[in-house]
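If you scroll down you'll find the structure; I have some questions about it.
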Amino acid sequence: MRLVVLCPHFEPDTAPTGAVMTRIVEELAARNHRIDVVTALPWYRNHAIEHGWRARFARLDQTPWGSITRVNPFPGGDKRNLVRRALGFGGFSVLASIGGVAAGGWFRRADAVIAMSPPLTMGVTGRLVALAHHSPLVFNVQDVFPDAAVRTGVITDRRVIAVASWLERFSYRRSAAVTALSEDLAANVRAKLPLHRAATVHMIPNFVDTDLIRPADRMTPYRAELGIGDEPVVLYAGNIGFSQSLELMLTAAIRFPGATFLINGEGSMRAELVGRAAGLPNVRFGHYVRADRLGALLATGDIHVVPLRRGLANVSVPSKTYSTLAAGRPIVAAIDSGTEVPRILAASNAGLAIEPDDAEEFVRAIGDLVADGARRQAMGEAGRRWVESAASPAAVAQAYETLIRGL
């Protein structure tokens, strides 16, 4: 098959969704499919185009399996400026549309187009590119937007919500298939479609590279870089935004001064959180690490935290869950009960799931694991066994291939 893939990030960009799509493309290429990727110039780490790429408006690279077209994402400096970000996404989507139509050479028809969201504008881009190639569109939903932004109060303007909701439904209805990362997200999408279109929604989870990420010694070089000793480390690694209840980490840090609480990542709430942590010597902040250092970062934490504000678990799935299990570390998930992450932890016996935004319950769960090294080890080993059997890259690529052939 010949496929066109449209995504906002692709290696060497550092976004987690970029790593996911990169590996899916590699797995599909290993099955002898030609793939033409259209993506952005690397920009995720600092919300600015990376050094060495800035002089380029667009770039085309040939690969053994196809091509990669990278276009300007028009990043803005202030992540909270939603108008500026929307304009940037719109500009990127226009360029990606042109790149997608031309991908692989003008007038060469693709068998299918895969478009990743967010941003939601990729739904329109995917539809235009699919029409140009006379091929079906597979719309990959990583987070349900605008639901998460509305529930966290990031978007309150009714006109903006109305436009985003229309764009969301347009994208779902104009796709031959929609893929979601969990049954919760899939159910959310199905509820926004006519009954006769519900069967177009499919659950295909993200994966974790269990060869790249393996259990490792907790005394990592990364600890030394941050000045952390051999005390227990409670780690949050990922986006520092409105959806995450990271104030829970600060509350627990006050209660357990003998442990280090490491918040590792970037995001719109980082500066505020750093300010609130002033005066807490056992709270550390780290920056995003390169993909080749991800294993060391994950091994640094003795306990990993997956916090998501109440009401968001059916619109967003923290993909870091799989990576943490692959690293053989236990998880404390403060997230809506009955949703994907608590189900994973129940199936794997790899951690504790508690109600979101409950500081006392969070402190109690952290305290239980800080005090019991044997229990941490047993949970970590159980999680590693589970993820090896349930979330391999090959299995995910097979699911996409089967879906596309069925279209």
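The values are calculated or read from the model by the stated rules, or taken from the named source; none is laboratory data. Please read these numbers as outputs of a predicted model, since none were measured by experiment. In this analysis, Cβ positions are derived from the backbone assuming ideal geometry, glycine residues included, and neighbour counts consider all displayed protein chains.
Assuming ASP157 fulfils every condition listed in (1) charged (D, E, K, R); (2) surrounded by fewer than 19 Cβ atoms within 10 Å (Cβ to Cβ); (3) touching a Lys or Arg at 6+ places or on another chain (Cβ under 9 Å) apart from one, which condition is it?
So the condition that ASP157 fails would be (3).
How many residues does segment 279-293 hold that are more than 25 Å from LEU325 (Cα to Cα) and either modelled with pLDDT under 95 or in contact with an Asp or Glu (Cβ under 6 Å, 6 or more places away or on another chain) (or both)?
Result for segment 279-293: 1.
While we're on this one: If you scan segment 244-261, which residues turn out to be crowded, with 23+ Cβ neighbours inside 10 Å and more than 13 Å from ILE366 (Cβ to Cβ)?
Result: GLN244, LEU246.
Only residues that are in contact (Cβ under 8 Å) with a residue 12 or more places away in the chain and surrounded by fewer than 19 Cβ atoms within 10 Å (Cβ to Cβ): list them for segment 103-117, please.
Selection gives ARG108, ARG109, ASP111.
State which residue is farthest from TRP386 (Cα to Cα) when the search covers only segment 199-225 and only residues that are among the hydrophobic types (A, V, I, L, M, F, W, C) and modelled with pLDDT under 95.
Per the stated criteria, the residue is ALA224.
For segment 178-197, give me each residue that is loosely packed, with under 15 Cβ neighbours inside 10 Å and farther than 18 Å from ALA313 by Cβ.
Matches in segment 178-197: PRO194, LEU195, HIS196.
Could you list, in sequence order, all residues of segment 246-291 that are over 25 Å from ASP13 (Cβ atoms), of a type in the set (A, V, I, L, M, F, W, C), part of a helix (DSSP H, G or I) and in contact (Cβ under 8 Å) with a residue 40 or more places away in the chain?
LEU248, MET249, ALA252
May I ask you to say which residue of ARG109, ARG127 is closer than 24 Å to THR402 by Cα, in a loop (DSSP other than H, G, I, E, B) and either at pLDDT 95 or above or assigned by TED's automatic domain parsing to the domain that holds SER182 (or both)?
When all the criteria are applied, what remains is ARG109.
State whether one or more residues within segment 327-349 are surrounded by fewer than 21 Cβ atoms within 10 Å (Cβ to Cβ) and in contact with a Ser or Thr (Cβ under 6 Å, 6 or more places away or on another chain).
no
Give segment 220-237 a look and list any residue that's surrounded by 14 or more Cβ atoms within 10 Å (Cβ to Cβ) and either in a strand (DSSP E or B) or small (Gly, Ala, Ser) (or both), or say none.
VAL233, VAL234, LEU235, TYR236, ALA237
When segment 129-154 is examined, which residues are found to be surrounded by 21 or more Cβ atoms within 10 Å (Cβ to Cβ) and of a type in the set (Val, Ile, Thr)?
VAL129, VAL138, VAL141, VAL144
Wholly within segment 294-407, which helices (runs of 4 or more DSSP H) include no fewer than the required count, namely at least 2 residues that are modelled with pLDDT under 95 and not polar (S, T, N, Q)?
Per the criteria, 294-300, 320-326, 340-348, 373-390, 393-406.
Give segment 8-29 a look and list any residue that's within 18 Å of GLN62 (Cβ to Cβ) and out of contact with any Asp or Glu (no Cβ under 9 Å at 6 or more places or on another chain), or say none.
PHE10, GLU11, VAL25, GLU26, ALA29 - these are the residues of segment 8-29 that are within 18 Å of GLN62 (Cβ to Cβ) and out of contact with any Asp or Glu (no Cβ under 9 Å at 6 or more places or on another chain).
Here is a list: ASP184, ASP143, ASP157, ASP147. Which entry is more than 26 Å from LEU87 (Cα to Cα) and either touching a residue at least 12 places away in the same chain (Cβ under 8 Å) or not hydrophobic (A, V, I, L, M, F, W, C) (or both)?
So the residue among ASP184, ASP143, ASP157, ASP147 that is more than 26 Å from LEU87 (Cα to Cα) and either touching a residue at least 12 places away in the same chain (Cβ under 8 Å) or not hydrophobic (A, V, I, L, M, F, W, C) (or both) is ASP184.
Taking the stated definitions as given, is ALA132 touching a helix residue (DSSP H, G or I) at 6+ places or on another chain (Cβ under 8 Å), touching a residue at least 40 places away in the same chain (Cβ under 8 Å), more than 26 Å from SER245 (Cβ to Cβ) and small (Gly, Ala, Ser)?
no
Now for a separate question. Six or more apart or on different chains, Cβ under 9 Å: which pairs go from a residue in segment 327-341 that's touching a residue at least 60 places away in the same chain (Cβ under 8 Å) to one that's hydroxyl-bearing (Ser, Thr, Tyr) and in a helix (DSSP H, G or I)? Could you list them?
GLU340/THR321
Another question about this same structure. For the subset of segment 18-49 comprising residues that are farther than 17 Å from TYR400 by Cα and among the hydrophobic types (A, V, I, L, M, F, W, C), which member is modelled with the highest pLDDT?
This residue is VAL38.
Could you tell me how many of the residues in segment 17-43 are surrounded by fewer than 21 Cβ atoms within 10 Å (Cβ to Cβ) and touching a Gly at 6+ places or on another chain (Cβ under 9 Å)?
Selection size over segment 17-43: 3.
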